[in-house]
Structure formats: structure tokens, C-alpha cells
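The values are calculated or read from the model by the stated rules, or taken from the named source; none is laboratory data. Only a predicted model underlies this, so the values are computations on that prediction, with no experimental measurement involved. Neighbour counts are summed over all protein chains in view; Cβ atoms, including those assigned to glycine, are modelled from backbone coordinates with ideal geometry.
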Amino acid sequence: MEPVRVVLTAVHVLAAIAWLGGMIFHIAVLDPVFRKNEVSVQSAFLLALMEQRFRKLVGTSIVLLAGSGFAKAYLLLGSFSGLWTTTAGRYILLKIGLTGAMLVIFAVCPKTKSCSPIPGVCDIASEALLSGGKEGTIRERSKGFLPKIALALGVAAMVTAVWLRG
């Protein structure tokens, strides 16, 4: 494999790992622990900071995935018409569709709007958290299913990538 392809593949895989790995940690560890336990103001503040950093990581990952994916597709197919005329191109289109669906979910998911299914994180500056009120907080509103769907789409995109490279 030539050096450019190796670097592009490494960037692409690491960006996907950062995004999906963070989602797995959040869904499997943070959300369950903090949904089942009371969260202090300090904990909610730290969690809000963690989610803010994760959003930056996701944003960077998206840029790296798009840039490296664009270049990898062109190097693999030789032209963008190959997206529609080759099997490899159709797998790439499937990956783009799955990743696009993930982006739509993140656009509507509360986490992208400084929100979280973890109680108190969204209400860190509100009177409700400071007064101990739970009414209308994210714990009551959030079902937490959109991040799980996004994760499933990401895993499907990874499986598609493995299938493509055979």
C-alpha cells in the first residue's frame, strides 16, 4: 500500500474509532451510571464539560472522516462516476448514507444542543437543579434511544467498510 493510502486509512479508522468509541463509553458506562444515581451540582458540571469536549471530538472526527473518505474513495475508484457504476462505489454510497443518518440523528439529538440524558447536565445553570427540582428535567424527557440508533448505524458503516475491503 502506498504511503498516502496508508495515512488516509489510518486517519479514517482513527476518526471512526474516536467517534464510535466515545459513543460506546457514553451509552454503556456514563448514561446508565448517572441515570440511576443522584448527581451533584459538581458532577453535573463535570459531565457537561465532558460532553462539550466530546462534541468537539465528534466534530473533528466528522471532518477527518469526510476528508479522508473523499480522498480514499477517489483513489479507490479513480473517478466519482465509479460510485454508481461499481460494487465498491455502491458500498461507499451505503457508508455515506449510514454516516449521513448518524449526522441527522446528532442534529436532532439533545446531546448536540448541550443536552444529555444524564440528569442535571442540561440544567446545570437552571434553578431546577439548584433547588433540587426534577420536574421536566432531561431524566424524565429522554428515552436515550437516538444515540443507540446512531451507534448501530456507525457499527453498520464499519461492517460495510470491512466488507468492502474483504
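A few points about this structure:
- Those residues of segment 1-46 which are within 30 Å of residue 75 (Cβ to Cβ) and of a type in the set (S, T, N, Q), in sequence order: 9
- In the condition set (1) at pLDDT 75 or above; (2) surrounded by fewer than 16 Cβ atoms within 10 Å (Cβ to Cβ); (3) under 18 Å from residue 154 (Cβ atoms), residue 108 is compliant with all but (1).
- Some residue of segment 3-10 being small (Gly, Ala, Ser), farther than 16 Å from residue 153 by Cα and assigned to a loop (DSSP other than H, G, I, E, B): no
- Wholly enclosed helices (runs of 4 or more DSSP H) of segment 23-112 bearing at least 1 residues acidic (Asp, Glu), touching a residue at least 40 places away in the same chain (Cβ under 8 Å) and touching a Lys or Arg at 6+ places or on another chain (Cβ under 8 Å): 41-77
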